[in-house]
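Presented below is the structure to which this report refers.
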Amino acid sequence: MSEVVLILGMAKHIPDSLKSMDMIGVDHGALLCVQNHVKMVGAIGDFDSVSKQEYEWISSESEVVRLPEKKNETDTEAAISYALEKGYKTIYVYGGFGGRMDHEIANLSLLIHRDLPLILMDDQNRIRVLHQGTYKIKKEYTYLSFIPLKESVISEQGVAYPLEKRKLYKRDIYAISNEIVEEYADITIHEGSVLMIEAKDWSAEKLTF
């Protein structure tokens, strides 16, 4: 038991490629799971976005942790803690984009500013933080972008625009929209940490995760 997907309330559907993974429904995301007959290992939230009947439906399908509406953490924060308590080592967060901007920024803040094993994703993007180390990134998305979170040094090989020990300052945004030209890209973060965004255009062929 190492990976789990949190289905957040902004999710509009659940990709077939995720349905074989362990799932935790978060607030309205739990309703989406039961509507699509997707089994959950748990559901959590204040459930202010569902009706009494819908909450009873969720409760009949899964273990539920109901949070108070007035609290000092978001449903997503609580769901992450819940997943960690269950022993998951990698947490995919699906459905955290495409709605309220404050929620989107809060979800990105959890990724950037907390030391958590998170990967944010939707149908178009997959976003994670890379710290110092070497990584092999499979060609699954059209574009590969890096945004430095602090002064960093990066090398990129197997891409259209390779870099060799290039220093990136926090203000730099030129390391975006690269493309993997081999089966894998070899990425080394020599210093610092970066936000890695794998992305595709809406017109691109639907991806599997």
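Listed by chain and number, the aspartates and glutamates whose C-alpha is less than 14 Å from the C-alpha of Lys170, apart from same-chain residues fewer than 8 away, are Glu151, Glu191.
Once a ≥ b ≥ c are taken as the square roots of the eigenvalues of the Cα gyration tensor of the stretch 109-153, is the result rounded (a/c under 1.5), prolate (a/b larger than b/c) or oblate (a/b not larger than b/c)? Could you put the intermediate results ahead of the total?
On the way: a/c = 1.75, a/b = 1.19, b/c = 1.47.
Verdict is oblate for the stretch 109-153.
For Lys71, a cut-off of 23 angstrom between C-alpha atoms picks up these lysines, skipping any fewer than 8 places away in its own chain: Lys52, Lys86. This structure gives mean projected area of the Cα convex hull in nm², computed directly, and of (i) 18.3; (ii) 14.5; (iii) 12.1 that value is listed as (iii). Computed from the C-beta positions of Glu69 and Ser2, the FRET efficiency with R₀ = 30 Å rounds to 0.40.
Look at the dipole of the chain built from charges on Cβ: of Thr188, Tyr92, Trp57, the Cα furthest out on the positive end belongs to Thr188. Excluding same-chain neighbours fewer than eight residues apart, the lysines reachable from Lys89 by a Cα-Cα span under 19 Å are Lys19. Under 18 Å from a label point set 7 Å out along the Cα-to-Cβ vector of Asp115, no amide N atom of the stretch 1-27 is found.
When only the Cβ of Lys, Arg, Asp and Glu is charged (+1, +1, -1, -1), the dipole of the stretch 134-191 relative to its Cα centre reaches about 260 debye.
Label separation (Asp201 vs Met21): 2.7 nm, computed from points 7 Å beyond Cα along the C-beta direction. Please report the antiparallel percentage of the DSSP beta bridges confined to the chain, to the nearest 5. So the antiparallel bridges in the chain amount to around 65 percent.
On a per residue basis, the stretch 56-209 carries 57 Å² of accessible surface, using protein heavy atoms and a 1.4 Å probe. Ligands, DNA and RNA excluded, the heavy atoms of Thr76 present near 20 Å² of accessible surface to a 1.4 Å solvent probe.
Per the 1.4 Å probe, what fraction of the accessible area of the chain, in percent, lies on carbon and sulfur atoms? Could you put the intermediate results ahead of the total?
Numbers: 5350 of 11140 Å².
That share works out to 48 percent.
Once you keep just the Cα pairs under 8 angstrom separated by 6 or more residues, what percentage relative contact order results for the chain? Please list the in-between numbers first.
Working: 445 pairs, mean separation 38.1, N = 209.
Over the chain, the number comes to 18 percent.
Per the Cα gyration tensor, the stretch 98-209 maps to an equivalent ellipsoid with semi-axes of 21, 19, 12 Å, ordered largest to smallest. In this structure, the amide hydrogen of Gly45, modeled 1.01 Å from its nitrogen in the peptide plane, lies closer than 5 angstrom to those of Asp27, Val65, Leu67, counting only residues at least 5 positions away or on a different chain. Centroid-to-centroid, using Cα positions, the stretch 29-61 and the stretch 110-187 are 35 Å apart.
Among Ser60, Ser145, Ser193, the largest mean-square fluctuation in a Gaussian network model of the chain (Cα springs under 10 Å) belongs to Ser60. Each Cα pair under 8 Å and six or more residues apart adds its separation to the average, and for the stretch 123-209 the resulting relative contact order is 47 percent.
Shown here are the Rg and Dmax of the Cα trace of the stretch 2-46, at 9.2, 28 Å.
The values are calculated or read from the model by the stated rules, or taken from the named source; none is laboratory data. Everything numeric here is computed off the predicted structure, so don't read it as measured data. Backbone-built Cβ (ideal geometry, glycine too); neighbour counts: all protein chains shown. Just so you know, the surface numbers come from the protein's heavy atoms only, side chains and all, with ligands and any DNA or RNA stripped out. Shrake-Rupley method; radii C 1.70, N 1.55, O 1.52, S 1.80 Å.
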